[in-house]
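Enquirer: For reference, the structure I am asking about is given below.
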Number of protein chains: 2
Amino acid sequence: MENKLAELKTRLQEVYNLNSAAALLGWDQATYMPPGSAASRGRQLATLATLSQQKFTDPAVGKLLDELQPYGESLPYDSDDAALIRKTRKDYAKAVKVPPAWVAKYSAHSTVSYQAWAQARPANDFKSVADLLKTTLDLSREYADFFPGYEHIADPLIDGPDPGMKASDIRRVFGELREQLVPIVKTITEQDPADDSPLRAGYPEDEQLAFGMTIAKDYGFDFNRGRQDKSPHPFMTSFAIDDVRITTRVQEGDLSDALFSTLHEVGHALYELGIDPALEGTPLAGGTSSGIHESQSRTWENIVGRSRGFWEHYYPSLQKQFPGQLAAVSLDDFYRAINKVSRSLIRTDADEVTYNLHVMLRFELELEMLEGKLEIKDLPEAWHARYEADLGIRAPSDVDGVLQDVHWYAGLIGGAFQGYTLGNIISALFYEAALKAHPDIPQQTSQGKFVALHGWLKENLYRHGSKFTPNELIERITGGPLRIEPYIGYLKTKYGELYKL
Amino acid sequence: MENKLAELKTRLQEVYNLNSAAALLGWDQATYMPPGSAASRGRQLATLATLSQQKFTDPAVGKLLDELQPYGESLPYDSDDAALIRKTRKDYAKAVKVPPAWVAKYSAHSTVSYQAWAQARPANDFKSVADLLKTTLDLSREYADFFPGYEHIADPLIDGPDPGMKASDIRRVFGELREQLVPIVKTITEQDPADDSPLRAGYPEDEQLAFGMTIAKDYGFDFNRGRQDKSPHPFMTSFAIDDVRITTRVQEGDLSDALFSTLHEVGHALYELGIDPALEGTPLAGGTSSGIHESQSRTWENIVGRSRGFWEHYYPSLQKQFPGQLAAVSLDDFYRAINKVSRSLIRTDADEVTYNLHVMLRFELELEMLEGKLEIKDLPEAWHARYEADLGIRAPSDVDGVLQDVHWYAGLIGGAFQGYTLGNIISALFYEAALKAHPDIPQQTSQGKFVALHGWLKENLYRHGSKFTPNELIERITGGPLRIEPYIGYLKTKYGELYKL
């Protein structure tokens, strides 16, 4: 069995290396690649994706997994090898259902589609990407149909980013959340809005980046094993446990964009950097789901990074860095500004309270497209209509409408967005558990210290990589299933202090 | 035959894509990779190299090539498909002669050897790498012996970077060149040296980079299909005909380092960018040899970039960019400074006249080691002795002696250096032919225009990629074999104006 396990690990390492190479090509595409080479990059990514798929779905891997199953089940459930065999068997069963031809086609398509979006968005030219998006929808449906017997056509698509989650469950949880959120948003937006003009006072790019990097370092981001670059759309990517990269974008006219997107991506990165090195080179060497991952980005961006205690510590240095812009702005006013609640157009700029409305409408649009109830040609208007209905505003064009997010242009339709709101819910759930173990976390935060929180998250979450499913982790950490109460409680407490609720 | 050719191209495209991905990983390693991830990057590169080799030496490729041979020979010699079959057959025949066990051993060894060198050079510790270098020499001889029937043991090693070139031919050409060069160097270095202190007056990094990029653009470097980044050692790399990247390093205390290394790498890049897009994804989609490639870097760096006419156009803008450093320096003095001839220790810093002495002594040392006339333990002293004999100087230690260049520590012994001097010789040969076709090239240069030269090189050289061998190209372009006269003529004319010759 030792030999078979070693052979399995050698094969998985090869797949991991191919996936790492592909991830680096993707990172390069979003950061430094010259625009003229989109087509060749697409071919390179297709080759890597095809080979990775071929190597992973090699019948020899299936045979090893079958032979190792009894051994895996004989080990303690929590052991690395048990988890490796268990998780790889699941992934393998899914992967062998997807034909290599589809993988190659999808990989090439998404590269072209991404590049087209990058040009279409500034040009407000949805028409130029509509046919590509139609193909994406077709590919998404094809993918779902490789898994017959689903309850909802979106389920196989959701199962990739959020294993074990189903459209029906998510709809239910989102329904409960919406019921709580809508009256809160209404109450708040009827009151005088916070003044966030100081955030737009003009902040030089380099100084913004340097300030974000200071906090990243304090959070525990290891620059020996990671770096930050600029890209049109901020993201985190990982090529190994010791090579985890984040990107951001900087607007001189908006202090909060680079700052909070940096804290957000650092949160993702801390998760990846915190994985047990013993899992390197295996399918366990990555965060376990989109929702759990997002819980970490939102923890470090919002629960920590937009808290009053955090800014009690950092605001004096921010004022020192930008005296012309902030010397006359009190901590209270700054805190209100970075937590301003308003009905806005851009998901990534949205405040904590309205953010989930942005996400949930996208999730619903995905389901409707997959169900065949919404055609691509009608999507731009459906987007506007939904914003008018849920947020009471309408984007002046598709730039901040249907062209706003990269997801559908660089991936599949279905499963792209639910993780964001699941992440918000889970962030509060896990933070509550961390607080129980370390009641002094808020006090540490107000001193610019994050050792207790980071350490607790590493011990209870990060180091496990993908050893456990999202629901298993929630059960291990909270002793129960996913619940929205801690998140609602968090919002009500925080925003109850800022507004009359 | 059409189907077989299409299948061959599909297989070659896959190999090309794997090589492109590996090249991007190498680029990243030299530019942006965080230091802590060297080990995982090594594993990723090993996976890509192994897969590329496996895919290329697949017996199915050999079978297709055999079946296609008569078809290839029935086509016009110059046709893309004839060249593809011809060149791929040669590469395949070579690749299958090298046992995978040797490849694995060599790959592991060169990684260890490179790391040892990186530590040995600053420590001036040749002894710590001597045994590794002995293994490199053994591996080099083993490699040569996979190709029995060679005239000289270095021939199979030279045939990789400079296909069709033989040690005996290169020795003859280098002998002629040395005979001409030695008295020129003697005559020049007996005269008062040029004053190059203005080049060390202190030049801000960003402005140096911006100035280099202006010239790159004027040369015709297409920023839509390429870019420049910084790295410890400048290089050019290509992931596709439409993704060609160069790197440079900048020293505030040396204006010429970034400037001329940029023009050098742009020369390499123009070659790769100029390849006919019809050759994309095949073994023809790259420069044909080390010598021909170097001819282009040296053309744009030296023949053009260090010419008087060039600076008649660019010097006023350089002075405007750096008034504090250059306002009081005349064009004549600047021109003399960037063309200063001196007996120096470092190959990469050497001027046009002495440069080839550095290269030729390394080439001779390689041959002597391979012939068994020079043992590794005697190499450091042989290096010093040769520098004393050829250049009249001796390095104070091995740091700038035998530990100076990375080549023998990261690759094989044999074939590592001759391309540099072949390139110088060929640059003048091709430039002479270009001048015959477009006598107004010097006049264009002195107006900052390069359309005629760039266009002629693209038409006669760049677009062909690797369709022709170096000797075929020289024959096509000049109507004869490799000759040193144009190069000697170029040096005598240029330096005869700067010095009494």
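Coordinate-derived values only; no laboratory data. Since this is a predicted model, take the numbers as computed values, not measurements. Every residue, glycine as well, gets a Cβ built from its backbone with ideal geometry; the counts of neighbours run over all protein chains shown.
Enquirer: Can you list the HN-Hα couplings for the stretch B:205-213, worked out from phi with the Karplus curve (6.51, -1.76, 1.60; θ = phi - 60°), rounded to whole Hz and with x for Gly and Pro?
Expert: Per residue, the Karplus-derived 3J(HN,Hα) values read 4, 4, 5, 4, 4, 5, 5, x, 5 Hz.
Enquirer: To the nearest whole number, what is the average tally of beta carbon atoms from other chains within 10 Å of the beta carbons of peptide A:14-20? Show your work: numbers first, answer last.
Expert: Numbers: counts 5, 1, 4, 11, 6, 1, 7.
Neighbouring Cβ atoms belonging to other protein chains average 5 per residue here.
Enquirer: Give the share of C-alpha pairs in each 20 angstrom bin for the protein assembly as shown, from 0 to the last occupied bin, in whole percents, shortest bins first.
Expert: In whole percents, the pair-distance histogram is 12, 39, 33, 15, 1.
Enquirer: Computed over the Cα atoms, what is the radius of gyration of the stretch B:75-191 divided by 2.2 N^0.38 Å, N being its residue count? Present the calculation step by step, with values, prior to reporting the outcome.
Expert: Values: Rg = 19.8 Å, N = 117, 2.2 N^0.38 = 13.4 Å.
The reported ratio for this selection is 1.47.
Enquirer: Counting Lys and Arg as +1 and Asp and Glu as -1, each charge on the Cβ, what is the dipole of chain B about the Cα centre in debye, to the nearest 20? If you can, show how the numbers build up before the last one.
Expert: Working: 53 positive and 70 negative charges, 71 e Å.
In total the dipole reaches around 340 debye.
Enquirer: Now, a different point. In what order do B:THR354, A:THR493, B:THR135 fall by count of nearby beta-carbon atoms within 10 Å, going from fewest to most? Display every interim value, and only then the final one.
Expert: Working: B:THR354 20, A:THR493 10, B:THR135 16.
With the sparsest Cβ surroundings first, the list reads A:THR493, B:THR135, B:THR354.
Enquirer: Enumerate by residue number the trypsin sites (Lys or Arg not before Pro) in the stretch B:364-406 meeting two conditions: DSSP loop (anything except H, G, I, E, B), and at most 15 other Cβ atoms within 10 Å of the site's Cβ. Kindly include the intermediate steps, with their values, before the conclusion.
Expert: Working: sites: B:LYS373, B:LYS377, B:ARG386, B:ARG394; in loops: B:LYS373, B:ARG394.
Hits after loop and neighbour filter: B:LYS373, B:ARG394.
Enquirer: Sort A:SER197, B:SER307 by Cβ crowding within 10 Å, fewest neighbours at the top.
Expert: Working: A:SER197 9, B:SER307 16.
The order, fewest Cβ neighbours first, is A:SER197, B:SER307.
Enquirer: Out of B:PRO122, B:GLY72, B:TYR431, whose Cα points farthest toward the positive end of the dipole of chain B (charges: +1 Lys, Arg; -1 Asp, Glu; placed on Cβ)?
Expert: B:GLY72
Enquirer: How big is the convex hull of the Cα atoms of chain B, per residue, in Å³? Don't skip to the answer; put the middle values down first.
Expert: Working: hull volume 73.4 nm³, N = 501.
Hull volume normalised by residue count: 147 Å³.
Enquirer: If you don't mind, there's one more thing I want to ask. Scaled to the compact-protein estimate 2.2 N^0.38 Å, what is the alpha-carbon radius of gyration of the stretch B:291-413, rounded to two decimal places?
Expert: Details: Rg = 18.4 Å, N = 123, 2.2 N^0.38 = 13.7 Å.
Computed over Cα atoms of the stretch B:291-413, the ratio equals 1.34.
Enquirer: Dividing the convex hull volume of the alpha carbon atoms of the stretch B:190-317 by its residue count, what do you get in Å³ per residue?
Expert: On the way: hull volume 16.6 nm³, N = 128.
Taking only Cα atoms, the stretch B:190-317 has a hull volume of 130 Å³ per residue.
Enquirer: Specify whether the C-alpha gyration tensor of the stretch B:159-243 places it in the rounded, prolate or oblate class, a ≥ b ≥ c being the square roots of the eigenvalues: rounded for a/c under 1.5, otherwise prolate if a/b is larger than b/c and oblate if not.
Expert: Numbers: a/c = 3.10, a/b = 1.21, b/c = 2.57.
Since a/c reaches 1.5 but b/c is at least a/b, the shape of the stretch B:159-243 is classed as oblate.
Enquirer: From the backbone phi of the stretch A:218-225, what are the Karplus-calculated ³J(HN,Hα) couplings (6.51 cos²θ - 1.76 cosθ + 1.60, θ = phi - 60°) in whole Hz, Gly and Pro given as x?
Expert: 4, 5, x, 5, 9, 6, 6, 10
Enquirer: Let me spell out the model: positive unit charges on the Cβ of Lys and Arg, negative unit charges on the Cβ of Asp and Glu, origin at the Cα centre of the protein assembly as shown. What dipole size does that give, in debye rounded to 20?
Expert: Values: 106 positive and 140 negative charges, 112 e Å.
Dipole of the protein assembly as shown, to the nearest 20 debye: 540 debye.
Enquirer: Can you give the % of DSSP beta bridges in chain B that are antiparallel, to the nearest 5? Write out the running numbers ahead of the final one.
Expert: Numbers: 5 of 10 bridges.
DSSP beta bridges in chain B are roughly 50 percent antiparallel.
Enquirer: DSSP loop trypsin sites (Lys or Arg not before Pro) in the stretch B:437-501 with at most 12 other Cβ atoms within 10 Å of their Cβ, which ones?
Expert: Values: sites: B:LYS449, B:LYS458, B:ARG463, B:LYS467, B:ARG476, B:ARG483, B:LYS492, B:LYS494, B:LYS500; in loops: B:LYS449, B:LYS467, B:ARG483, B:LYS500.
Filter output for the stretch B:437-501: B:LYS500.
Enquirer: While we're on this one: Would any residue of the stretch A:349-366 have its amide N under 19 Å from a label point 7 Å out along Cα→Cβ of A:GLU190? List them or say none.
Expert: The answer is A:353-354, whose backbone nitrogens lie closer than 19 Å to the label point.
Enquirer: May I ask for the longest run of chain B untouched by GluC sites (Glu not before Pro) that are loop-located per DSSP and have at most 10 neighbouring C-beta atoms (other than their own) within 10 Å? Let's see the in-between values first.
Expert: Working: sites that count: B:GLU151, B:GLU190.
The longest such stretch corresponds to B:191-501.
Enquirer: Of B:LEU45, B:LEU345, B:GLN444, whose Cα points farthest to the positive end of the dipole of the protein assembly as shown (charges on the beta-carbon: +1 Lys, Arg; -1 Asp, Glu; origin at the Cα centre)?
Expert: In the protein assembly as shown, that residue is B:LEU45.
Enquirer: How much length would be gained if the chain were fully extended between A:ARG249 and A:GLU371, taking 0.36 nm per residue of separation minus their Cα-Cα distance, in nm to one decimal? All intermediate terms of the calculation are to be shown ahead of the outcome.
Expert: On the way: separation 122, 0.36 × 122 = 43.92 nm, distance 3.51 nm.
Result for the pair: 40.4 nm of gain on full extension.
Enquirer: Which of B:TRP102, B:TRP456 comes first, and how do the rest follow, when ranked by fewest Cβ neighbours within 10 Å? Walk me through the intermediate numbers first.
Expert: On the way: B:TRP102 14, B:TRP456 21.
Result, fewest neighbours first: B:TRP102, B:TRP456.
Enquirer: Eigenvalues of the Cα gyration tensor times 5, then square-rooted: what semi-axes does that give for the stretch B:244-362, in whole angstrom, largest first?
Expert: Those come to 29, 19, 12 Å.
Enquirer: Right, next: Read phi for every residue in the stretch A:459-476 and hand back ³J(HN,Hα) as whole Hz from Karplus 6.51 cos²θ - 1.76 cosθ + 1.60, θ = phi - 60°, with x for Gly and Pro.
Expert: 5, 9, 10, 4, 4, 6, x, 9, 4, 10, 6, x, 5, 4, 5, 4, 5, 4
Enquirer: Look at the axis of the rotation that sends chain A onto chain B, then give the chain A residue with the nearest Cβ and the distance in whole Å.
Expert: Of all Cβ atoms in A, the one closest to the rotation axis yields A:ALA21, 3.
Enquirer: Continuing with this model, one more query. What's the FRET efficiency of B:SER168 with A:GLU475 using the Cβ-Cβ distance as r and R₀ = 60 Å, to the nearest 0.05? Could the numbers behind the result be given before it?
Expert: Details: r = 76 Å, r/R0 = 1.27.
The pair B:SER168/A:GLU475 has a calculated efficiency of 0.20.
Enquirer: Can you compute the label reach from B:ASN124? Point 7 Å from Cα along the Cβ direction, backbone N cut-off under 12 Å, restricted to the stretch B:371-412.
Expert: The answer is B:395-401, whose backbone nitrogens lie closer than 12 Å to the label point.
Enquirer: Nearest 20 debye, what's the magnitude of the dipole of the stretch A:2-96 about its Cα centre given +1 on Lys and Arg Cβ and -1 on Asp and Glu Cβ?
Expert: 420 debye
Enquirer: Within the P(r) computed for the stretch A:2-96, what percentage of the Cα pairs occupies the region above 21 Å? Could the numbers behind the result be given before it?
Expert: Working: 1877 of 4465 pairs.
Roughly 42 percent, once rounded to a whole number.
Enquirer: Something else now. Can you give the mean number of other chain Cβ atoms that lie within 10 Å of the Cβ atoms in peptide A:42-50? Intermediate values should be presented prior to the final figure.
Expert: Details: counts 0, 8, 13, 2, 3, 10, 6, 0, 2.
Shielding by partners across A:42-50 averages 5.
Enquirer: A further question follows. Taking every residue in B:276-285, how many Cβ atoms of other protein chains lie within 10 Å of its Cβ, on average?
Expert: Values: counts 0, 0, 0, 0, 3, 3, 0, 0, 0, 1.
If you average over the peptide's residues, the count of other-chain Cβ atoms is 1.
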